[in-house]
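Undergrad: Here it is, the structure, as structure tokens.
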Amino acid sequence: MIDDMTKEVEILAYKYMESQDDETVFDYLQDTDGKVRTIAGKTIQLRGSDELFYQVISLKNAQKYYLRELCAFILGQFKTVNQDILAQIPPILLALSKDNSISVKTNAIYALGHFYGCHSMNLPLSDIDDKIRKMILSYSTHPTSSVRVSCAFALGNLPDDKTVRATLNQLLNDENAEVSEWAEVSLEILDNK
């Protein structure tokens with residue numbers, strides 16, 4: 001019963017957020033409730049306007065870690081066909097992956113996985129892609145399991161090569177079950193490309 005009520009409230013919250021203008025939705029990113037911030041972030045992802053993109057990237061240097069985290073989250077699945085905007089997203093996420101906050105770092109790596117999963121066929125590979133690949137490979141041995149999980153997820157969306165597969169095979173034996181599960185899923189994704 002409580003789960004049904006929670007789902008109904010969540011659906012109402014999404015409907016409410018969809019009815020708001022861009023400025024109001026963006027303001028909800030500052031809400032004290034993480035669920036509200038997430039709903040606002042998902043709404044911004046779906047709208048994908050140029051104006052919202054520039055507002056979102058203003059969060060990359062925010063004092064509050066959760067705003068930098070939201071910046072990564074939103075950019076990873078930002079729905080736009082604007083090639084100039086799409087080209088700006090990987091370098092921003094790469095910079096956020098170097099953040100001192102583990103949650104920002106983790107979300108930036110997840111976001112890169114989502115981004116490459118959605119857009120890799122639409123963009124020519126560039127030098128930044130190799131830097132991202134090297135960064136994700138290097139973080140795959142990070143002492144924090146959430147970072148390793150995000151790497152295992154992201155590697156399945158990168159171009160397939162021997163180093164990516166070798167790293168995923170190592171992650172299959174990770175002490176953290178979630179890391180090894182995502183490594184297995186990513187290997188399956190690469191097998192089906």
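Undergrad: Please work out which one of (1) surrounded by fewer than 19 Cβ atoms within 10 Å (Cβ to Cβ); (2) within 17 Å of Arg133 (Cα to Cα) is the condition Ala62 fails and give its number.
TA: Among (1) surrounded by fewer than 19 Cβ atoms within 10 Å (Cβ to Cβ); (2) within 17 Å of Arg133 (Cα to Cα), the lone unmet condition for Ala62 is (2).
Undergrad: Among the residues of the stretch 65-103, which ones are hydroxyl-bearing (Ser, Thr, Tyr) and either farther than 15 Å from Leu29 by Cβ or in contact (Cβ under 8 Å) with a residue 60 or more places away in the chain (or both)? Before you say what the answer is, go through the steps one by one.
TA: Taking the stretch 65-103 as the starting set, the residues that turn out to be hydroxyl-bearing (Ser, Thr, Tyr) are 65-66, 80, 97, 101, 103.
Residues satisfying the conditions are Thr80, Ser97, Ser101, Ser103.
Undergrad: Residue check: is Asp27 out of contact with any His (no Cβ under 9 Å at 6 or more places or on another chain), modelled with pLDDT of 95 or more, acidic (Asp, Glu) and closer than 23 Å to Val81 by Cα?
TA: Considered against the rule, which asks whether it is out of contact with any His (no Cβ under 9 Å at 6 or more places or on another chain), modelled with pLDDT of 95 or more, acidic (Asp, Glu) and closer than 23 Å to Val81 by Cα, Asp27 comes out as no.
Undergrad: Go through the stretch 39-56 and count every residue that is open to solvent by 30 Å² or more (accessible area, probe 1.4 Å) and touching a helix residue (DSSP H, G or I) at 6+ places or on another chain (Cβ under 8 Å).
TA: Number satisfying all stated conditions: 5.
Undergrad: Which of the numbered conditions does Thr24 fail, given that it passes all the others? Conditions: (1) over 28 Å from Arg148 (Cα atoms); (2) touching a helix residue (DSSP H, G or I) at 6+ places or on another chain (Cβ under 7 Å); (3) in a helix (DSSP H, G or I).
TA: (2)
Undergrad: All but one of (1) modelled with pLDDT of 95 or more; (2) surrounded by 13 or more Cβ atoms within 10 Å (Cβ to Cβ); (3) farther than 15 Å from Ile189 by Cβ hold for Ile128, so report the exception by its number.
TA: Unmet for Ile128, out of (1) modelled with pLDDT of 95 or more; (2) surrounded by 13 or more Cβ atoms within 10 Å (Cβ to Cβ); (3) farther than 15 Å from Ile189 by Cβ: (1).
Undergrad: Here's a follow-up. Please go through the stretch 157-193 and pick out each residue that is assigned to a loop (DSSP other than H, G, I, E, B), at pLDDT below 95 and open to solvent by less than 80 Å² (accessible area, probe 1.4 Å).
TA: Listed by number, the residues that qualify are Asn157, Leu158, Pro159, Asp160, Asp161.
Undergrad: Determine the pairs where a residue that is open to solvent by less than 100 Å² (accessible area, probe 1.4 Å), located within the stretch 5-16, has a partner that is part of a helix (DSSP H, G or I) with Cβ atoms under 7 Å apart, the partner being 6 or more residues away or on another chain.
TA: Short answer, once both residue conditions are applied: Ala13/Ile39; Tyr14/Ile39.
Undergrad: Now, a different point. For the stretch 69-120, which residues satisfy the criterion of being crowded, with 17+ Cβ neighbours inside 10 Å, of a type in the set (Ser, Thr, Tyr) and part of a helix (DSSP H, G or I)?
TA: Hits for the stretch 69-120 are Thr106, Tyr110, Tyr116.
Undergrad: Restrict the check to the stretch 139-152 and report whether at least one residue is under 25 Å from Ile44 (Cβ atoms) and open to solvent by 30 Å² or more (accessible area, probe 1.4 Å).
TA: Looking for residues that are under 25 Å from Ile44 (Cβ atoms) and open to solvent by 30 Å² or more (accessible area, probe 1.4 Å), one finds at least one in the stretch 139-152, hence yes.
The values are calculated or read from the model by the stated rules, or taken from the named source; none is laboratory data. Just so it is clear, the model here is predicted, and its values are computed rather than measured. Glycine gets a Cβ as well: all are built from the backbone with ideal geometry, and neighbour counts include every protein chain shown. All accessible areas refer to the heavy atoms of the entire protein, side chains included, with ligands and DNA or RNA removed. Shrake-Rupley method; radii C 1.70, N 1.55, O 1.52, S 1.80 Å.
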